[in-house]
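Reviewing the structure listed below.
Just so it is clear, none of the values below were taken in a lab; they were calculated from the coordinates. The shown structure was predicted, so the numbers you read here are calculated from the model rather than taken from an experiment. Glycine gets a Cβ as well: all are built from the backbone with ideal geometry, and neighbour counts include every protein chain shown.
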Amino acid sequence: MLDEGDVQRAADDETGFESADERPVRSLTDDISALIDDGKTYAEAELAFQKSRLSFVAGKSKSGIGFSLAALGLLHLALIGLVVGGIFTLGTLVGPGFATLIVVGVLLVFAVLAGLAAKARFEKIGTAFEGDR
């Protein structure tokens, strides 16, 4: 069986102090102050982390936007080449005037269809906010 001396020695081993006189006296105020300091340290570290993450995302976004614009520009040039090629190809069959009208007419039909599809999507977005009025 354990006597009081064994219990005291076990408690001393856990705390690292040999007697109760050597133990530091801490109050609830000290603990709360330490907790507040730890909270401030955590908040400062979190703020620094979020700032560095924002800086990283901003840098990558700039280059991503630049490459996206380059891709769209090249796509635009390719489509212009396709349109001009279509006019030249049809021009040998129906003449340059009618070839131009055919290609422009087909492009206008696709533009109207794309516009109607966009309108339908935006109307669906509008229905999501009807209850907010």
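Label sites at K119 and K60, each approximated as a point 7 angstrom past Cα along Cα to Cβ, lie 4.0 nm apart.
For the range 8-127, pairs of C-alpha atoms spaced more than 22 angstrom apart make up 74 percent of the total. Across the range 34-42, computed HN-Hα scalar couplings (Karplus, 6.51 cos²θ - 1.76 cosθ + 1.60, θ = phi - 60°) run 5, 5, 5, 4, 5, x, 5, 4, 4 Hz from first to last residue, x flagging Gly and Pro. For the listed peptides 93-99, 28-34, a ranking on the average number of other beta carbons within 10 Å per residue, highest first, reads 93-99, 28-34.
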